[in-house]
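The values are calculated or read from the model by the stated rules, or taken from the named source; none is laboratory data. Only a predicted model underlies this, so the values are computations on that prediction, with no experimental measurement involved. Note that each Cβ is placed from the backbone with ideal geometry, even for glycine, and that neighbours are counted across all protein chains shown. Accessible surface areas use protein heavy atoms only, side chains included; no ligands, DNA or RNA. Shrake-Rupley method; radii C 1.70, N 1.55, O 1.52, S 1.80 Å.
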Amino acid sequence: MERKADITRETKETQIRLSLNLDGDGTSSINTGVGFLDHMLELFAKHGFFDLEVEAKGDLHIDAHHTTEDVGICLGQALNKAVGDKVGMRRFGSFAVPMYESLAKVDLDICGRPYLHYETPLEFGKVGEFDIELAEEFFHGFVNNSGTTLHINVPYGTNQHHIIEAIFKAVAKALDIATFIDPRVSGVLSTKGSL
C-alpha cells in the first residue's frame, strides 16, 4: 500500500498544495515564500526520507504567521492521511539531534491524540525574516491535524537558527522511526486493538 497524501488548503489568507510520501528518499520541492521555512522543510524531508512537495502562497505582506501555521496544518493532515489505519506501524519515535551548541530531543506518538509540549530557550527574535515563535505555531498546526503527541525539548542552545534546525531534524528522524512498518507488529501497536 502506498503511504502518500495530497492536501489542498485554500483560505482568504493562504493557498497551499502539499504532497507527502512517507516511503520516499528525501526528495523535496518547497516554495512557501518564507525562506527559512523552506530550508526547514527541505531538511525535514531529507532527514526523514520523506518525499515532500509544498507550494504555498500567503499574505506575506502582513507577516509569515498564516503561511507557517497553515503549512503545519497541511503537513499534519497529510501525515494523518498517509499513515491510514496505522497497521504494522511502530507508532512511537524518539530522536536527539545535536547542532553545534544546541541539542534537540523529540519524543512522539502517532496515536490520534494531539498534544504539543514545546520547551526551548527560544523567546523572541528573528532568524533572517522568520519570527522564531512561528516554529511553535508550525508544530501546533501539525499536531492538531495529525493526531500526534509531540514532545520537543531543547535543554540548551544559544543560536536560534541551530535550535530550530535541530528541532526540525529531530522531528523528522523521530517520525521516520514511528512510521516505519515493522514486520513484528500485528495489526496496530495497541492493547486496545485500535488507535
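Hey, can you tell me all the residues within the stretch 1-28 that are open to solvent by 30 Å² or more (accessible area, probe 1.4 Å) and of a type in the set (G, A, S)? Across the stretch 1-28, the qualifying residues are S19, S28.
Residues in the stretch 29-39 that are surrounded by 18 or more Cβ atoms within 10 Å (Cβ to Cβ) and touching a helix residue (DSSP H, G or I) at 6+ places or on another chain (Cβ under 7 Å): I30, T32, V34, L37. Listed by position, the strands (runs of 3 or more DSSP E) contained in the stretch 1-73 that have at least 2 residues being of a type in the set (V, I, T) are 4-10, 14-21. Strands (runs of 3 or more DSSP E) fully within the stretch 78-173 that include at least 2 residues being in contact (Cβ under 8 Å) with a residue 40 or more places away in the chain and open to solvent by 20 Å² or more (accessible area, probe 1.4 Å): 92-99, 102-110, 148-156. Of the residues making up the stretch 40-51, none is crowded, with 20+ Cβ neighbours inside 10 Å, over 14 Å from A172 (Cβ atoms) and not hydroxyl-bearing (S, T, Y). If you check F180 against the conditions, is it more than 20 Å from E42 (Cβ to Cβ), open to solvent by 30 Å² or more (accessible area, probe 1.4 Å), without any contact (Cβ under 8 Å) to a residue 24 or more places away in the chain and aromatic (F, W, Y)? No; evaluated as a whole, the condition is false for this residue. Of the residues that make up the stretch 6-13, is at least one touching a residue at least 60 places away in the same chain (Cβ under 8 Å), hydrophobic (A, V, I, L, M, F, W, C) and on the phi > 0 side of the Ramachandran plot? No, there is no match, as no residue in the stretch 6-13 is touching a residue at least 60 places away in the same chain (Cβ under 8 Å), hydrophobic (A, V, I, L, M, F, W, C) and on the phi > 0 side of the Ramachandran plot. Contact annotation: residue pairs with Cβ atoms under 9 Å, 6 or more positions apart or on different chains, pairing a residue in the stretch 59-73 that is farther than 18 Å from K126 by Cα with a partner that is open to solvent by 10 Å² or more (accessible area, probe 1.4 Å) and in a loop (DSSP other than H, G, I, E, B), are D59/K12; D59/E13; D70/T11; D70/E13; V71/V34. Residues of the stretch 58-77 include at least one that is open to solvent by 70 Å² or more (accessible area, probe 1.4 Å) and farther than 26 Å from T149 by Cβ.
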